[in-house]
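For reference, the structure discussed in these notes is given below.
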Amino acid sequence: MVGIFNDLESYGHEQVVFFHDKESGLKAIIGIHSTVLGPALGGCRMWNYADEAAALRDVLRLSRGMTYKAAVAGLNLGGGKAVIIGDARTQKTDEMMAAFGRAVESVGGRYITAEDVGMSVKDIDLIRNFTKHAVGGSNEGGSGDPSVMTAFGVFQGMKAALKHVGLGGGSLEGLKVAVQGVGNVGYHLCSYLSAAGAKLIITDIYPKSVERIVQEFGAEVVSPDEIYSVECDVFAPCALGAILNNRTIPQLKCKIVAGSANNQLETDSDGAALQAKGIVYAPDYAINAGGLINVAAELDGYNPELVNQKVSKIYQTIEDILNRASSEGILPHQAADKLAEQRLDEVRKSANAPKSFQNPSSRNVGQTKSLVIAK
């Protein structure tokens, strides 16, 4: 337990809740990092983690990133995330999704869930039968699959990064983009890139996903290990996090890293390592905010045209971050952090004390048992 409390102190979380439902097999963790700007919104990821400690680390990192993502995107939302431990392809059941819905409802509105890796619009539709605190569904007022807007935002941010380095005048015509992971977001990003005339080099651990991209966009395929060392203009990580580290960065042969994956830097020092190689990094939580913007729009009444306009502004966000990093002599991820922290500080100071979204009540979660750990 000491390790968990140390992690809470290190990441600055308000609350972490563990859930276990014996009947459905649900093992889930909800991490609420901050509710300073509003209720914590963030997707649920279902993944077959090596152990529970790995799941906890992931939810802590992801939920903290959501706080900064919402702040930079100008949303009145806090940062939260959930993980379900298990193989989404073989272990997910309707009963498990129902139990997770009850778990979300028990937090009383402090956390709003959505889909992430291993989850789908269908899952959200089911979960919404058990909680009103879920977005990204297909029913009336629902925004549907957020991966399209996530990809669109990455595409916009990528063009801003290209302009920043003076490559192609911001155009992708004839440029090589290596995409790591061609699932939902990766697929839509490849679609945007192909339409813009980019040459695609892809990899994924799932052969069917690879085949789809090859058939539709004529991409070149490399193995998962080879993707780091291919010569390209842009490397787009669109799978899991912590893939930019002291093992992979020396292999990179690109000018820009711009992708949808969360927590791409394994450590802060890896941002310096990228810069030392002359590689421009578009901070992950700033460039991949399109999906969050999309699902958040449900809370005010979903308007697709307005969402498209807001996601298009990611171009300006990345341009501002990279310009600030250059002018202040800091790393891009540090410039993004400054932008987020500035907004959080302004809200705190406006009330003369830290604000937080108040939990109106906790509701019965049925058979789901929870362990609450609060800082």
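The values are calculated or read from the model by the stated rules, or taken from the named source; none is laboratory data. Quick caveat, the model's predicted, so the values are computed rather than measured. Glycine also receives a Cβ, built like all others from the backbone with ideal geometry; neighbour counts cover every protein chain displayed. Accessible surface is based on the protein model in full, side chains and every heavy atom, while ligands, DNA and RNA are left aside. Shrake-Rupley method; radii C 1.70, N 1.55, O 1.52, S 1.80 Å.
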Query - Considering residues of the stretch 73-87 that are of a type in the set (A, V, I, L, M, F, W, C) and touching an Asp or Glu at 6+ places or on another chain (Cβ under 9 Å) only, the residue surrounded by the fewest Cβ atoms within 10 Å (Cβ to Cβ) - result: Ile85
**Report entry** Yes/no for Lys122 being free of Cβ contacts under 8 Å to residues at least 40 places away in the same chain and among the basic types (Lys, Arg)
**Finding:** yes
Report summary line: When every residue in the stretch 323-366 that is among the basic types (Lys, Arg), open to solvent by 80 Å² or more (accessible area, probe 1.4 Å) and at pLDDT 55 or above is compared, the one farthest from the chain's Cα centre (by Cα) is Lys349
Query - Residue list for the stretch 174-183, filter: out of contact with any Pro (no Cβ under 8 Å at 6 or more places or on another chain) and either open to solvent by less than 50 Å² (accessible area, probe 1.4 Å) or of a type in the set (Asp, Glu) (or both) - result: Gly174, Leu175, Val177, Ala178, Val179, Val182, Gly183
Query raised in the report: Can you pull out the residues in the stretch 88-99 that are buried (at least 23 other Cβ atoms within 10 Å of the Cβ) and either free of Cβ contacts under 8 Å to residues at least 40 places away in the same chain or closer than 12 Å to Val17 by Cβ (or both)?
Result: Met97
Query raised in the report: Within the group Ile279, Ile293, Ile287, which residue is touching a Cys at 6+ places or on another chain (Cβ under 9 Å) and either modelled with pLDDT of 95 or more or crowded, with 20+ Cβ neighbours inside 10 Å (or both)?
Result: Ile279
Query - Check on Gly186, open to solvent by 50 Å² or more (accessible area, probe 1.4 Å) and not in a loop (DSSP other than H, G, I, E, B) - result: no
Report summary line: The one condition Glu298 fails out of (1) in contact (Cβ under 8 Å) with a residue 12 or more places away in the chain; (2) closer than 21 Å to Gly166 by Cβ; (3) open to solvent by 10 Å² or more (accessible area, probe 1.4 Å); (4) part of a helix (DSSP H, G or I) is (2)
Requested in this report: May I ask you to say which residue of Ser229, Ser223, Ser171 is open to solvent by less than 60 Å² (accessible area, probe 1.4 Å) and more than 26 Å from Gln275 (Cβ to Cβ)?
Outcome: Ser223
Report task. Take the stretch 119-138 and flag every residue that is open to solvent by 10 Å² or more (accessible area, probe 1.4 Å) and either of a type in the set (A, V, I, L, M) or within 22 Å of Gly108 (Cα to Cα) (or both). Result -> Met119, Val121, Asp123, Asp125, Leu126, Arg128, Asn129, Phe130, Lys132, His133
Query raised in the report: Taking the stretch 198-220 as the region of interest, how many residues are open to solvent by less than 40 Å² (accessible area, probe 1.4 Å), of a type in the set (A, V, I, L, M) and part of a helix (DSSP H, G or I)?
Result: 2
Query raised in the report: Which members of the stretch 139-168 meet the condition of being assigned to a loop (DSSP other than H, G, I, E, B), crowded, with 19+ Cβ neighbours inside 10 Å and of a type in the set (D, E, K, R)?
Result: Asp145
Query raised in the report: Hey, among Ala50, Ala73, which residue is out of contact with any strand residue (DSSP E or B) (no Cβ under 6 Å at 6 or more places or on another chain), among the hydrophobic types (A, V, I, L, M, F, W, C) and without any contact (Cβ under 8 Å) to a residue 40 or more places away in the chain?
Result: Ala50
